[in-house]
Amino acid sequence: MTRVRMGMVGGGEGGFIGRIHRLAAALDGEVELVCGAFSADPERSRRSGAAWGLDPARVYPDWQVLLAAEAARPAAERAEFIAVVTPNHLHLPVAAAALEAGFAVFCEKPATRDLAEARALAEVVAASGRPFALAHTYAGYPLVHEARARIAAGELGRVRRVVVEYQQGWLAADPGGEPWRLDPARSGPSGCLADIGVHAFHLAEFVTGLEVAELAADLAAVVPGRRVEDDAAVLLRFAGGARGVLLASQVSPGEENGLRIRVYGERAGLEWFQEAPNTLWLKGNDRPAARLTAGGPWLGKVARALTRTPPGHPEGYIEAFANLYRAFAAAVRAGGRHAPPEAAWLPGIREAVRGMAFVDAALASSRAGGAWRALPADLAEEKTP
Ligand SMILES: NC(=O)c1ccc[n+]([C@@H]2O[C@H](COP(=O)([O-])OP(=O)(O)OC[C@H]3O[C@@H](n4cnc5c(N)ncnc54)[C@H](O)[C@@H]3O)[C@@H](O)[C@H]2O)c1
């Protein structure tokens, strides 16, 4: 099997998520980083590429030069996809230009700064016919798939209640500098929801297989002077009648990456917590809670296929990310619009637009004092083929 060739925009020295992408992409030996424009500063980009042993001729001063130069290379050499790991304001321009130049795209979340940009990106994805994936990391955890499979198989009965939260504390005080996440020009009009709320939203829909139809939100910039919210509470109503609560906060001292989901159906419930990702709890009124661990024969086919080590040897964030990369490599090899079965679960442009529709509706609801707002009806019909 030949390795899929990756280019990267963003993720130069000092960048957070680009490093995780590089580690995850390399984990299974199916993807090779061949080029990049790693920083807005050409010298920083050059230093980064040199540190990782890349061919200096393929470490570019900016992303426009990268796309033009790589597209001009022979097909057997050029990057096949571009990982977009920059701040949010560059997702649309870079991803759209990459798709238009013939590359597949693996894009960080949130898809874009706002819903209008996400819809514009969706048009480019559709016109290009190239694979597009969105980096909802948590969809890569084996036990998230186990929860999803058990709910789909009816083990909980009809889902009635979803409680999902993503709590962080790092913005409880001024972090110093000017983080792009607090700048609406670079983050978009939302802070906390765009940054971590979209993960919680995606996880809720992904695990339950249900779609949020409407919501009521209370967003706040708790720390004075902030131009985007740092705390959010959202009530959810799913199509079909289930109800939910989504909490996202970056001002909860002591919380790290506290992403937790609990789903309750007519007969049973389940719980998964990102900071202990190798455990899935199953609960019922008529039995003690059961602890399912990763790697065991009690797991379904998909969860087992996404696990690399035996039970008790912990896998985590990088392995989950690597599962996204392995699925995306399969999609890139398949080449076209239709994902191969092993990549069918990968979040794509549909999830990208839904995430931004969630943020958009939450902002509108909160501005209207917490009034209920529907997600656009057309998004409920845009099923992936
Ligand atoms: N999937 C996840 O769990 C996850 C986690 C963290 C961040 N993210 C997302 O990843 C993206 C990046 O976040 P981060 O925390 O790594 O930010 P960061 O500030 O740590 O890194 C951003 C990188 O982009 C580079 N960059 C900026 N402008 C550029 C340009 N014009 N050309 C090339 N490179 C440029 C910077 O040099 C830096 O290396 C954001 O969209 C964020 O929401 C996702």
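Miscellaneous remarks
- Top-ranked residue in the range 295-345 [being more than 30 Å from Glu80 (Cα to Cα), modelled with pLDDT of 95 or more and touching a His at 6+ places or on another chain (Cβ under 9 Å); ranked as surrounded by the most Cβ atoms within 10 Å (Cβ to Cβ)]: Leu299
- For the range 72-99, the set of residues classified as within 16 Å of the ligand (Cβ to nearest atom) and part of a helix (DSSP H, G or I) consists of Asn88, His89, Leu90, His91, Leu92, Pro93, Val94, Ala95, Ala96, Ala97, Ala98, listed by residue number.
- Number of residues in the range 29-47 that are near the ligand (Cβ under 8 Å from one of its atoms), small (Gly, Ala, Ser) and farther than 18 Å from Glu77 by Cβ equals 3.
- Listed by first and then second residue, the pairs with beta-carbon distance under 7 Å, at least 6 apart or on different chains, first residue in the range 122-142 and closer than 16 Å to Leu259 by Cβ, second away from the ligand (no atom under 16 Å from the Cβ) and among the hydroxyl-bearing types (Ser, Thr, Tyr), are Pro142/Thr307.
- Every residue from the range 139-165 that is more than 13 Å from the ligand (Cβ to nearest atom) and either within 18 Å of Ala95 (Cβ to Cβ) or assigned to a helix (DSSP H, G or I) (or both): Pro142, Leu143, Val144, His145, Glu146, Ala147, Arg148, Ala149, Arg150, Ile151, Ala152
- Total residues in the range 180-198, condition within 21 Å of Pro93 (Cα to Cα) and either out of contact with any Leu (no Cβ under 8 Å at 6 or more places or on another chain) or assigned to a helix (DSSP H, G or I) (or both): 12
- Residue that is nearest to Phe16 (Cα to Cα) [pool: residues in the range 100-138 that are within 10 Å of the ligand (Cβ to nearest atom) and assigned to a helix (DSSP H, G or I)]: Thr137
- Scanning the range 15-40 for residues that are free of Cβ contacts under 8 Å to residues at least 24 places away in the same chain and within 20 Å of His89 (Cβ to Cβ), we see that the one that is nearest to the chain's Cα centre (by Cα) is Phe16.
- Among the residues of the range 52-71, those identified as under 30 Å from Gly191 (Cα atoms) and within 11 Å of the ligand (Cβ to nearest atom) are Pro61, Asp62, Trp63, Gln64, Leu66.
- Any hit, the range 349-368, residues being among the hydrophobic types (A, V, I, L, M, F, W, C) and in a strand (DSSP E or B): no
- Extreme residue, farthest from Glu351 (Cα to Cα), among residues of the range 199-216 that are of a type outside the set (Val, Ile, Thr) and not in a helix (DSSP H, G or I): Ala216
- Single unsatisfied condition, Ala26 versus (1) more than 15 Å from the ligand (Cβ to nearest atom); (2) in contact with an Asp or Glu (Cβ under 6 Å, 6 or more places away or on another chain): (2)
- So Ala200, is it in contact (Cβ under 8 Å) with a residue 60 or more places away in the chain, within 11 Å of the ligand (Cβ to nearest atom) and crowded, with 22+ Cβ neighbours inside 10 Å: no
The values are calculated or read from the model by the stated rules, or taken from the named source; none is laboratory data. Computed from a predicted model, the values in this text were never measured in an experiment. Heads up, the Cβs are rebuilt from the backbone with ideal geometry, glycines too, and the neighbour counts pull from every protein chain shown.
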